[in-house]
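Worksheet for the structure shown next.
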Amino acid sequence: FCYKHIWKKFVLFSMAQVLMASILLKVVPSRPLFDDPLLNICFGGVLYGLSVAVALRGNASTAGMDFIALYVSNRIGKSIWQYVFLFNTAMLCLFGFLFGWEYAGYSILFQFISTKTIDNFYHRFKRVTLQITTQKPKEIVDAYVHSFMHGISVVNGYGGYSGREMSLLHTVVSSYEVQDVLHLLEEVDHKIIINIMPTENFVGGFYRKPME
């Protein structure tokens, strides 16, 4: 299903990740970092969340619910890790009802910490708005449209301080693209002014580079 709807390399990398994790868990000797279970849960949750975020950033996953979360997120264009946490919590509550609440409670806490870590470090589905002021609008638009498949709006005007003709450009990009876009625009116009603003909601067509 993921091979068809996400990407073949994504599935192959995910299988390699699961295989290597299983082998290393068997080969590398491990023991708890602390004697306190809560400390182990907190540090383990953060480290696990970081490892998942790194895998996702490399177009792979740790399998399990990651597959479902990525498929749905790709379809709706939004992160759904909070819903993944709710689903896992419901399953753990069922486990707690059947077998006892102590370990279920530890597991829910671990899931919360790891999910929040993933959500804070994996920003593929987050967007930002770029407000660009330049005296080279045509060169900027041509270079931007050639390199990135996003729309860009241009409003002509003049600088209130300098009195010179200027253009105000407006576009929305993925947070993963920001540094590449900035580098490109600064190459075209070294005097460019760019204001970067978080985009809470976005309605309309938005191109997102597919996973490879």
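Can you tell me which of (1) modelled with pLDDT of 85 or more; (2) within 30 Å of ARG127 (Cβ to Cβ) is the one ASP35 doesn't meet?
(2)
If you go through segment 158-166 one residue at a time, do you hit one that is hydroxyl-bearing (Ser, Thr, Tyr) and open to solvent by 70 Å² or more (accessible area, probe 1.4 Å)?
Within segment 158-166 (the criterion being hydroxyl-bearing (Ser, Thr, Tyr) and open to solvent by 70 Å² or more (accessible area, probe 1.4 Å)), the answer is yes, since at least one residue qualifies.
Any residue at all in segment 69-77 that is within 27 Å of VAL203 (Cβ to Cβ), open to solvent by 90 Å² or more (accessible area, probe 1.4 Å), of a type outside the set (Ser, Thr, Tyr) and at pLDDT below 85?
Residues of segment 69-77 that are within 27 Å of VAL203 (Cβ to Cβ), as a first pass: 69-77.
If we keep only those that are open to solvent by 90 Å² or more (accessible area, probe 1.4 Å) too, we end up with 75-76.
Within this subset, residues satisfying the condition of being of a type outside the set (Ser, Thr, Tyr) are 75-76.
Still in the list and also at pLDDT below 85: 75-76.
Yes: one or more hits.
Yes or no: TYR106 under 18 Å from GLU177 (Cα atoms) and either open to solvent by less than 80 Å² (accessible area, probe 1.4 Å) or touching a Cys at 6+ places or on another chain (Cβ under 7 Å) (or both)?
No; evaluated as a whole, the condition is false for this residue.
Restricting the search to segment 158-171, which residues are over 20 Å from ASP142 (Cβ atoms) and part of a strand (DSSP E or B)?
The one that is over 20 Å from ASP142 (Cβ atoms) and part of a strand (DSSP E or B): TYR158.
Against the condition outside any helix (DSSP H, G or I), open to solvent by 60 Å² or more (accessible area, probe 1.4 Å) and not charged (D, E, K, R), how does SER61 come out, does it pass?
Working: outside any helix (DSSP H, G or I): yes; open to solvent by 60 Å² or more (accessible area, probe 1.4 Å): no; not charged (D, E, K, R): yes.
Considered against the rule, which asks whether it is outside any helix (DSSP H, G or I), open to solvent by 60 Å² or more (accessible area, probe 1.4 Å) and not charged (D, E, K, R), SER61 comes out as no.
Could you give every pair whose Cβ atoms fall below 9 Å, whose first residue belongs to segment 190-209 and is among the basic types (Lys, Arg) and open to solvent by 60 Å² or more (accessible area, probe 1.4 Å), and whose second residue is part of a strand (DSSP E or B) and modelled with pLDDT of 80 or more, counting only separations of at least 6 or pairs across chains?
LYS191/THR134; LYS209/SER174
Is there a residue being surrounded by 19 or more Cβ atoms within 10 Å (Cβ to Cβ), more than 18 Å from VAL188 (Cβ to Cβ) and of a type in the set (S, T, N, Q) anywhere in segment 125-134?
First, pick out the residues of segment 125-134 that are surrounded by 19 or more Cβ atoms within 10 Å (Cβ to Cβ): 127, 130, 132, 134.
Within this subset, residues satisfying the condition of being more than 18 Å from VAL188 (Cβ to Cβ) are 127.
Adding the requirement that they be of a type in the set (S, T, N, Q) leaves none.
No, there is no match, as no residue in segment 125-134 is surrounded by 19 or more Cβ atoms within 10 Å (Cβ to Cβ), more than 18 Å from VAL188 (Cβ to Cβ) and of a type in the set (S, T, N, Q).
Considering each of SER114, SER14 in turn, give the residue that is out of contact with any His (no Cβ under 9 Å at 6 or more places or on another chain), among the hydroxyl-bearing types (Ser, Thr, Tyr), more than 24 Å from ARG127 (Cα to Cα) and open to solvent by less than 80 Å² (accessible area, probe 1.4 Å).
Only one candidate qualifies: SER14.
Examine segment 33-52 for a residue that is within 22 Å of TYR103 (Cβ to Cβ), among the aliphatic types (A, V, I, L, M), outside any helix (DSSP H, G or I) and open to solvent by 80 Å² or more (accessible area, probe 1.4 Å), and state whether such a residue exists.
Yes: segment 33-52 contains one or more residues that are within 22 Å of TYR103 (Cβ to Cβ), among the aliphatic types (A, V, I, L, M), outside any helix (DSSP H, G or I) and open to solvent by 80 Å² or more (accessible area, probe 1.4 Å).
Tell me which of these ILE140 doesn't satisfy, since it passes every other one: (1) modelled with pLDDT of 85 or more; (2) open to solvent by less than 80 Å² (accessible area, probe 1.4 Å); (3) out of contact with any strand residue (DSSP E or B) (no Cβ under 8 Å at 6 or more places or on another chain); (4) more than 24 Å from HIS123 (Cα to Cα).
It fails just one condition, (3).
Could you list, in sequence order, the residues of segment 71-130 that are closer than 25 Å to PRO198 by Cα, hydrophobic (A, V, I, L, M, F, W, C), part of a helix (DSSP H, G or I) and free of Cβ contacts under 8 Å to residues at least 60 places away in the same chain?
VAL72, ILE76, TRP81, VAL84, PHE85
Can you pull out every residue in segment 143-157 that is under 23 Å from the mean Cα position of the chain (by Cα) and open to solvent by less than 40 Å² (accessible area, probe 1.4 Å)?
Once the filter is applied, which keeps residues that are under 23 Å from the mean Cα position of the chain (by Cα) and open to solvent by less than 40 Å² (accessible area, probe 1.4 Å), segment 143-157 yields TYR144, PHE148, HIS150, ILE152.
The values are calculated or read from the model by the stated rules, or taken from the named source; none is laboratory data. Just so we're clear, the structure is a prediction, and the values are computed from it rather than from any experiment. All Cβ positions, glycine included, derive from the backbone under ideal geometry; neighbour counts span all protein chains shown. Just so you know, the surface numbers come from the protein's heavy atoms only, side chains and all, with ligands and any DNA or RNA stripped out. Shrake-Rupley method; radii C 1.70, N 1.55, O 1.52, S 1.80 Å.
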